[in-house]
1. Would you check which residues across the stretch 1-26 are surrounded by 10 or more Cβ atoms within 10 Å (Cβ to Cβ) and charged (D, E, K, R) and list them?
2. So if I check each of 14, 30, 89, 62, which one is in contact with a helix residue (DSSP H, G or I) (Cβ under 8 Å, 6 or more places away or on another chain) and either part of a loop (DSSP other than H, G, I, E, B) or aromatic (Phe, Trp, Tyr) (or both)?
3. May I ask you to say which residue of 69, 78, 97, 57 is among the small types (Gly, Ala, Ser) and either over 27 Å from residue 235 (Cα atoms) or without any contact (Cβ under 8 Å) to a residue 24 or more places away in the chain (or both)?
4. Checking residue 120 against (1) among the charged types (D, E, K, R); (2) over 30 Å from residue 22 (Cα atoms); (3) surrounded by 24 or more Cβ atoms within 10 Å (Cβ to Cβ): exactly one of these is not met. Which one?
5. Would you pick out the residues in the stretch 343-380 that are touching a residue at least 60 places away in the same chain (Cβ under 8 Å), among the small types (Gly, Ala, Ser), more than 16 Å from residue 415 (Cα to Cα) and part of a helix (DSSP H, G or I)?
6. Listed residues 251, 245, 216, 235; which is closer than 20 Å to residue 205 by Cα, hydrophobic (A, V, I, L, M, F, W, C) and in a loop (DSSP other than H, G, I, E, B)?
7. For residue 317, state whether it is at pLDDT below 90 and among the β-branched types (Val, Ile, Thr).
8. What pairs come up if the first residue lies in the stretch 268-286 and is modelled with pLDDT of 80 or more and assigned to a helix (DSSP H, G or I), the second is hydrophobic (A, V, I, L, M, F, W, C) and surrounded by 11 or more Cβ atoms within 10 Å (Cβ to Cβ), and their beta carbons are under 7 Å apart, counting only those six or more places apart or on different chains?
Amino acid sequence: MKDEPVWFLLIGALLTFMAIARGSIRRLPLTGAMVYLLVGVAIGPAAFGLVGVDLVGNDALLAMLAEVGLVVSLFSIGMHLRVRLRNPLWLLPLRLGGPAMLVTVALMFGFMALLTGRADGAALFLAAALAPTDPVLANELRVTQAGDDEPVRFALSGEGGLNDGAAYPFAVLGLTLAGADLSGAGGAVHFAGSVAWGIASALVIGGVFAIVFARAIFFLRTRYGEALGLDGFLALGLMSTSYGAALLLHAYAFIAVFVAGVALRHEELRATGDRNPVEVLEDVERGERAEIAKDPEKAHAYLAESMMGFTLEMERIAELSLMLIIGCVVSAHWRDMLDVRAVLPAMFLFFVARPLSVVVAMAGARIDGSQRHLIAWMGIRGVGAFYYLMFGLQHARGAIAPLLPAVLDAIVLSVLLHGSTANYLLRRYFDRRR
């Protein structure tokens, strides 16, 4: 462990730098993900060699780390979407998380079949891995606070919450066709049934767990003055139990966690009303928090905001950790990533598949041309694609290993292209709105 002091110095310096330079980075064509990725490449085998081995050999560990990061991010996104469920604004993320993702999978599968000459399971798996937009890296595109109902931000946030889970059945089907032994991808009828069950049960699990959780905590706090403090533990508890229950029942667990976040926020909205929870809590002093948590008029707002604040910090740590890891993997495989056959799928995804899928899915939607164009471009890929890659390597390494450079290219190019343009395009968009 001779490099241990160097690692502590590196991580400490990076954390401090990002905290100090956050405002400056936002004003530049940079994102935190870009910084973490570049640092990961620098410490990997291609440069300083602090990580001297190929991390892909630890695919099970990497898949678990990416999975945890996605769970935290999906729950956080759900808690940000403070809009009543009957509001037509919800149709925008539903269009993107469903029809747009299906069109993207179909287009990417067709392109890979033409590129490789084989319409096989590997092509379908790559299409499914690259189809979902990323919930972890899209901080610049997300709603700024609970109650933000700006259509572009809301659509992109909700899409990131939905389509990681929606891509799962196609990833499993691709792996099964590639020779993996996985449940849920038998015949056509069995596949359709597993999809229907996976979605429906995820909605029920996430919704029921969150509602029971919120009402039980509210009852204990307001009636008996119990269950106070440790709201971070409560957030992790709800995330873990809803995710674990969904896995046990073969539901789409990513969707269940996202729905749990949405349902918990909806409980707060139902109790607090149209008044923003930040306004409800704006006069609360630090020493009064224990009393506010027991106040029937403010308890729901306090619980939701405390849990959301905790998940935001967890999400930032997950982003740093995972992008460092991805950077190290890129550092080990950069030569393979220069192959034109690895670069072309990302180019087709960003400039053809994503725009066409948005055009199809948003037909008749209540948004204007500038909003369509922004949504069509801002389909960032990242941790979700990396998770599916590691998941695929676990179950069908021989068929999936050749796809590694293409997935890494899509992540790197997305972080660079979307990250460098996000702030500029959003500023132009909001300036025009004003």
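1. Correct list: 3, 22, 26.
2. It is 30.
3. Answer to the selection: 57.
4. The one condition residue 120 does not meet is (3).
5. 353, 357, 361, 370
6. Being closer than 20 Å to residue 205 by Cα, hydrophobic (A, V, I, L, M, F, W, C) and in a loop (DSSP other than H, G, I, E, B) holds for just one of 251, 245, 216, 235, which is 251.
7. Numbers: at pLDDT below 90: no; among the β-branched types (Val, Ile, Thr): yes.
It is false that residue 317 is at pLDDT below 90 and among the β-branched types (Val, Ile, Thr).
8. Pairs that qualify, where the first residue is modelled with pLDDT of 80 or more and assigned to a helix (DSSP H, G or I) and the partner is hydrophobic (A, V, I, L, M, F, W, C) and surrounded by 11 or more Cβ atoms within 10 Å (Cβ to Cβ), are 268/301; 268/304; 272/280; 272/301; 277/146; 277/301; 277/304.
The values are calculated or read from the model by the stated rules, or taken from the named source; none is laboratory data. All values derive from a computational prediction rather than experimental measurement. Backbone-built Cβ (ideal geometry, glycine too); neighbour counts: all protein chains shown.
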